[in-house]
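Encoded as C-alpha cells, the structure appears first; notes follow it.
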Amino acid sequence: MKEHGYILLLGCITAFFVVLFTMPSLIKVARMKHLVDEPSEERKVHHRSVPTIGGIIIFASILFSYALWFPRVAVLGEDPSEYRTLYYAMGDAYLDFKFVIAAMVLLFFIGVKDDIIGFSPVKKLVGHMVVGYILVMMAGIRISNMHGIFGIYELPQYVSIALSFFVYVVLVNAFNLIDGVDGLAGGIGLIASLTYGMWLYLAGDIALSLLAFVLAGALVGFLFFNWHPARIFMGDSGSLIIGAILSVLAMKVVDHDTSRLPAYLKQIPTPIFAMAVIAYPLVDTLRIFVYRMSRGISPFAADRNHIHHRLMDLGLGHRKTTGLLYLYAICIIALSLVTRAWHPNIGLMVLGTSAFVLAMLPFFWPKRG
C-alpha cells in the first residue's frame with residue numbers, strides 16, 4: 001500500500017503542475033480570442049469579462065496524469081516471483097479506465113462547444129444519454145444494492161440502471177449549477193474528490209483512488225486562478241467533467257467491497273457516505289428544482305435563487321461565501337462519521353434533515369438594508 005500511496009501522490013502532483021504551468025497561456029489565448037463571459041445578466045456575480053474555458057486544462061491534466069500513473073503491476077505476496085500484470089487493482093479496473101476516458105472525451109467536446117458557441121438543450125441531453133449509456137450500460141458502473149436503506153438491499157436490474165442514470169444526470173447538472181461564485185465548484189469538487197480518494201485508498205482500490213487524487217490535484221491548481229477575483233472560470237467543459245468523475249466515484253463507493261476498510265469506516269452504510277460527500281450540490285440542486293417547478297418555471301432556467309446567490313445577497317462576498325459552503329460540505333461529511341453506528345434509516349434522516357436545515361438558514365436571515 002505504501003508504494004501505491006506514492007502513485008497517488010505523484011498523480012496528484014502531476015495534475016497540479018500541469019494546470020499551474022499551462023493555465024496562464026490559456027487565459028492569454030482566451031482573452032486574445034475574446035472567449036470570455038461578459039457580466040451582461042443580473043444573475044451574474046462578476047463585474048468584468050472573464051475567460052470561460054478553464055475546463056480545457058482541467059480535462060487535459062486529468063487525462064495526462066491518470067494515464068501516466070495508472071497502476072499496472074500488483075504484488076500478490078512477499079515472494080518477488082508472485083508479480084503479475086493486472087489491468088485493474090480492484091475488480092476489472094481496466095474496463096473502467098477505458099470507458100471513463102471515453103465518456104470524459106465526449107463530455108469535454110460537449111462542454112467546450114457549449115462554452116464557445118452554445119449547445120441546444122436537446123443535443124446536450126442526447127450527449128448526456130450517450131455518456132450515461134457508456135458509463136452505466138457498457139462499463140457497468142451502477143448502484144445495485146442499497147445496503148438496507150429503507151429496508152432495500154439488492155436492486156432489480158432495471159431499477160439499478162434507471163437509478164444509476166438518474167445519479168449521473170443529477171450530479172453532472174448539480175456541479176454545473178453550483179459554478180456561480182469564484183472558487184465554489186472547484187473547492188466543493190476538491191473536498192469530494194479527496195474524501196472519495198482516501199476512502200477508496202483505504203478500501204484498497206488504487207486505480208479509482210488515483211482518479212480521485214488526479215482530479216483533486218487538477219482542482220488545487222485551478223483554484224490558484226479561480227479564487228476571487230477569478231482570472232478564469234471552468235465553464236461547462238470543467239463542471240461536466242467534475243460531475244461525471246464524482247458520479248462514477250460515488251456509484252463505485254456505494255457498491256464497493258468494504259472488507260479492507262478500518263472498522264470505523266465499515267460501520268457507515270456506503271450509500272449514506274456517498275451522499276454525504278456530495279451533500280451540498282445535491283441539496284442545492286433539489287431545492288432549486290423544487291423552487292422553480294413550484295412557480296411553473298423550467299427547472300433548468302437560470303436565476304439568482306441558489307444558496308450561493310443568497311449568501312452573496314447577505315453581503316458575505318465571494319471568499320466568505322465559498323468558505324462557508326466549504327465548511328458546510330465538511331460538516332456533513334463529519335456528521336456521517338458521527339452517525340456511522342446508527343440504524344441506516346435514522347442516520348439518513350439525521351443527515352438529510354441537517355443538510356436541508358443548514359442550507360435553508362440563509363433564506364431566513366434578513367438581507368442587509
(message) When you scan the stretch 230-251, do you find a residue that is farther than 25 Å from ILE110 by Cα, in contact (Cβ under 8 Å) with a residue 24 or more places away in the chain and aliphatic (A, V, I, L, M), even just one?
(response) no
(request) Output the helices (runs of 4 or more DSSP H) that fall wholly within the stretch 235-286 and possess 1 or more residues being more than 28 Å from PHE300 (Cα to Cα), modelled with pLDDT of 90 or more and of a type in the set (Ser, Thr, Tyr), or say none. (result) 270-277
(message) Which condition from (1) farther than 28 Å from ARG231 by Cα; (2) touching a Pro at 6+ places or on another chain (Cβ under 9 Å) is the one that ALA185 breaks?
(response) (1)
(request) Can you confirm whether the stretch 97-110 contains a residue that is more than 22 Å from LEU286 (Cβ to Cβ) and over 18 Å from the mean Cα position of the chain (by Cα)? (result) yes
(message) Step by step: first the residues of the stretch 252-291, then only those that are touching a residue at least 40 places away in the same chain (Cβ under 8 Å) and of a type in the set (Lys, Arg), then the one that is farthest from LEU155 (Cα to Cα). Which residue is that?
(response) ARG287
(message) Can you confirm whether ILE288 is in contact with a helix residue (DSSP H, G or I) (Cβ under 7 Å, 6 or more places away or on another chain), closer than 22 Å to GLY204 by Cα and not polar (S, T, N, Q)?
(response) no
(request) Return the residue satisfying two criteria in turn: it lies in the stretch 305-333 and is within 22 Å of LEU348 (Cα to Cα) and free of Cβ contacts under 8 Å to residues at least 40 places away in the same chain, and of such residues it is surrounded by the fewest Cβ atoms within 10 Å (Cβ to Cβ). (result) LEU327
(request) Among the numbered conditions (1) small (Gly, Ala, Ser); (2) surrounded by fewer than 21 Cβ atoms within 10 Å (Cβ to Cβ); (3) in contact with a helix residue (DSSP H, G or I) (Cβ under 8 Å, 6 or more places away or on another chain), tell me where GLY221 comes up short. (result) (2)
(request) Select from the stretch 103-124 the residues that are among the charged types (D, E, K, R), in contact (Cβ under 8 Å) with a residue 40 or more places away in the chain and over 18 Å from VAL169 (Cβ atoms) and list them in ascending order. (result) ASP115
(message) I'm trying to understand the selection: among the residues of the stretch 125-160, which are touching a residue at least 24 places away in the same chain (Cβ under 8 Å) and in contact with a Lys or Arg (Cβ under 6 Å, 6 or more places away or on another chain)?
(response) VAL136
(message) Against the definition (touching a residue at least 60 places away in the same chain (Cβ under 8 Å) and either in a loop (DSSP other than H, G, I, E, B) or buried (at least 18 other Cβ atoms within 10 Å of the Cβ) (or both)), how does PRO299 come out, yes or no?
(response) no
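The values are calculated or read from the model by the stated rules, or taken from the named source; none is laboratory data. Note that the structure is a prediction, hence the values are computed from the model and not measured. So basically every Cβ, Gly included, is an ideal-geometry build from the backbone, and we count neighbours across all protein chains shown.
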